[in-house]
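Enquirer: I have a structure I would like to understand better, so I am pasting it below and will then ask my questions one at a time.
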Amino acid sequence: MRRSLYKTGKYSAILLALLAWPGGAFAGDRSGDSAAGAADIHSFARPAEAVVTHLDLDIEVDFQKKQIAGKARWRIQNPAGAARLYLDTRDLAIERATLGEEEKETGFFPGNSVKFLGQPLEIEIHPETEVVTVYYHTRPGAAALQWLEPGQTVGGKHPFLFTQSQAILARTWIPCQDSPGIRITYTARVKTDPALLAVMSAQNTPAKNPAGIYTFVMNQPIPSYLLALAVGDLEYRALGPRSGIFAEPPVVEKAAYEFADAEKMIAAAERLYGPYRWEQYDVLVLPPSFPFGGMENPRLTFATPTVLAGDRSLVALIAHELAHSWSGNLVTNAAWNDFWLNEGFTTYFENRIMEELYGEETAEMLAYLGYQDLLKTFRKLGENSPDTHLFLNLVGRDPDAGMSDVAYEKGALFLRMLEKNFGRGKWDVFLKSYFDQHAFKSMTTAGFLTYLREKLTGNDAALESRLQIDAWVYGPGLPDNCPIPNPAAFEQVQAQAAAWLAGTPASALQTGNWGTPHWLEFISRLPQPMSPEQMAELDAAFGFTASGNSEILCAWLVRGISNGYEPAYPALENFLKTIGRRKFLRPLYQELAKTPQGLQRAREIYTVARANYHPIAVKSIDEILNFSVASN
Ligand code: BES
Ligand code: ZN
């Protein structure tokens, strides 16, 4: 019998530490947060004993079997002379393990499975072991993988595979030390169908290979959640000297138009916070089932096609994923309870990039919309919920469950507050040096606060109490020094919404100079409920149901559902059956689920659509609709 790490390992040590914690104002939330380096409760790895430093991955992607099979060769450091290397796995079939270049068989022991976390894999090593090779294959349910049939792609002719490793899903396709506090360099050799192109979060050759063999190199050390692979009928188009687009052929042109400002964004980001350290910045436009808006895989952002609005109005997403090249990929949250260090910094930085490119007013509108989303999230979670803290308590939870707008929007507001206090000049110097000093390292929440106090706040007690740093980080809601975004342009939007309510026909409203943010604000200002006639009047004037802008359409469809506006239902059904972006699916299904007829409708649509969604989205929507495969 193998020991269960859950019972005897560090996982329980953390539980004990939590139980023993003395309490106090915000104290219960600080467990595991120490500048010295917090333990990662979501990994079985024991990096203090033996830690991986480099991966040589050699795999075959088999679309028939829906399987990745091959070997992961790890270079390790074992200064303590440990007798075991601990890796994370979940739903992986481990075939054998060997030591050294000479590949001497060695013992390996899969441990007990723990909810959300998968299984530890213990491998017997020696004090002098430098190389450990694991032979394995993935299982059909691997949560990081989505295998698309040709019919689920835009081109319709070839299958497609993509991975999504964040937060703790890399372990479902590679046996690894799956903790954001552990960094590795990697190379990979990927063999697949020669009709397809394979790309990774690494140096890519952007052309098909007649043998279907692709090789990759990532020389900068990255955490496992940034390991990424996609295989499909992809074409490349350069945008600038160090940026470009990968997409299915029918989408390349549109994507190249949409993301034409990528090079300018890189330049703006560099002016703000220092050199771009990843050489190349490409964007891979995925098929519509991609469950996220974007994923900051290094050198190769993965992006949803739902941002291809045709008018470049949703490119904040590119600013966001690009910003992660500093906040997240360069300086990385040490564990998932520090998630706000990734997303809050990135949301703040995204807004700064948008301001550089498109001006203060646009940036302020976007910040305001984010702030409104945050207020909605607060209402949903409850104002005093611990999940409204920046520093999260994820003990015993799937990290995905604690991740919300709070890390993004409250995190960004916290940094905005600091910026306003210290002034941009001083603040930007601080951030630049923060990225520089901690490049290619991980950062804890406490580590950041220490650095902040060292470099900016000093020992000034009056300043400390004005900033309310601890209340921001370890407390609920928004402290009273929160700087609320206040775009002047929205006054006009609010005035037009009020005028319509007071009787001005929709067609007579002054909306001539409005862009996407104005429309989103307008829709959010509409009264609830509205009659079908009111909905129809707006629709006739502004064409919302037929909008090609996914953000506007989704916001409108939510109103369509809550007001029982039948003319929007065909568009709703089409949207739910073709798009797998969770941010859109969730509010739509949630709104449908509020009435018995809506729930019925939702279940009918979902029964068909479910097969098109990524495992990550399926999990979320199953929960909303209380759906299990047996119930369909
Ligand atoms: N890193 C996130 C996506 C993510 C977070 C994946 C947590 C898995 C777990 C990415 O950078 C992101 O934030 N994407 C947003 C878009 C962005 C513009 C706010 C998304 O997908 O909605
Ligand atoms: Zn992000």
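Enquirer: Could you let me know the centre-to-centre spacing of the stretch 155-210 and the stretch 298-320, using Cα atoms, in angstrom?
Expert: Using only Cα atoms to place each centre, the spacing works out to 20 Å.
Enquirer: Still on this model: Which value results for Rg/Rh of the stretch 346-464 when Rg is the Cα radius of gyration and Rh the Kirkwood radius based on the inverse mean 1/r?
Expert: 0.98
Enquirer: Something else: In the stretch 372-435, how does Rg compare with the Kirkwood Rh, expressed as the Rg/Rh ratio over alpha carbon atoms? Let's see the in-between values first.
Expert: On the way: Rg = 14.3 Å, Rh = 13.3 Å.
Value, to two decimals: 1.08.
Enquirer: How large is Rg over Rh for the chain, taking Rg from the Cα atoms and Rh as the Kirkwood inverse mean of 1/r across Cα pairs?
Expert: With Rh from the inverse mean 1/r over Cα pairs, Rg/Rh is 0.96.
Enquirer: Using the Cα centre as the reference, give the magnitude of the dipole from point charges on the C-beta atoms of the chain (Lys, Arg: +1; Asp, Glu: -1; all else neutral), rounded to the nearest 20 debye.
Expert: Values: 58 positive and 70 negative charges, 218 e Å.
Approximately 1040 debye in magnitude.
Enquirer: How much of the accessible area of the stretch 272-407, probe 1.4 Å, is carbon plus sulfur, in whole percent?
Expert: On the way: 1630 of 3460 Å².
Exposed carbon and sulfur together represent 47 percent of the surface.
Enquirer: For the stretch 82-180, treating each Cα as an identical point scatterer without solvent, what Debye log10 I(q)/I(0) comes out at q = 0.10, 0.11, 0.16, 0.18 1/Å?
Expert: Taken in order of the listed q values, log10 I(q)/I(0) reads -0.34, -0.40, -0.72, -0.84.
Enquirer: Then there's this: To the nearest 20 debye, what charge dipole does the stretch 70-111 have about its Cα centre, counting +1 at the Cβ of each Lys and Arg and -1 at the Cβ of each Asp and Glu?
Expert: Working: 7 positive and 7 negative charges, 24 e Å.
Dipole size: approximately 120 debye.
Enquirer: Solvent-accessible area per residue for the stretch 43-323 at a 1.4 Å probe radius, Å²?
Expert: Solvent-accessible surface per residue comes out at 33 Å².
Enquirer: Place the peptides 187-196, 258-267 in order of packing, highest mean first, counting for every residue the other Cβ atoms within 10 Å and averaging per peptide. Walk me through the numbers on the way to the answer.
Expert: Numbers: 187-196: 18.3, 258-267: 19.9.
Top to bottom by mean Cβ count within 10 Å: 258-267, 187-196.
Enquirer: Would you check the accessible area of K65, probe 1.4 Å, heavy atoms only, in square angstrom rounded to 10?
Expert: My reading of the accessible area for K65 is about 130 Å².
Enquirer: Any of K71/K619; K71/K104; K264/K441 with alpha carbons more than 25 Å apart? Name them for me.
Expert: K71/K619; K264/K441
Enquirer: Another question about this same structure. At 1.4 Å probe size, with every protein chain present, just tell me what the per residue accessible area of the stretch 531-621 comes to in Å².
Expert: Heavy-atom accessible area per residue stands at 40 Å².
Enquirer: Can you tell me the Rg and Dmax of the stretch 43-323, counting just the alpha carbons, in angstroms?
Expert: Rg then Dmax for the stretch 43-323, in Å: 19.0, 59.
Enquirer: From the Cα trace of the stretch 182-337, what convex hull volume per residue do you get, rounded to a whole Å³?
Expert: That works out to 113 Å³ per residue.
Enquirer: What does the stretch 483-632 give for Rg and for Dmax, in Å, if only its C-alpha atoms count?
Expert: In Å, with Rg to one decimal and Dmax whole: 16.8, 52.
Enquirer: Also, I was wondering about something else. Can you give the accessible area per residue of the stretch 437-493, in Å², using a 1.4 Å probe?
Expert: Dividing the accessible area of the stretch 437-493 by its residue count gives 44 Å².
Enquirer: Still on this model: Cross-link partners among aspartates and glutamates for K254, C-alpha distance below 13 Å, same-chain residues fewer than 8 apart left out?
Expert: E235, D311
Enquirer: Expressed in whole Å with the largest first, what are the equivalent ellipsoid semi-axes of the stretch 315-356 derived from the C-alpha gyration tensor as the square root of 5 times each eigenvalue?
Expert: 19, 9, 7
The values are calculated or read from the model by the stated rules, or taken from the named source; none is laboratory data. This structure is a prediction, so every number in the text was calculated from the model and none was measured. Every residue, glycine as well, gets a Cβ built from its backbone with ideal geometry; the counts of neighbours run over all protein chains shown. Protein only, heavy atoms only, side chains kept; ligands, DNA and RNA dropped before computing areas. Shrake-Rupley method; radii C 1.70, N 1.55, O 1.52, S 1.80 Å.
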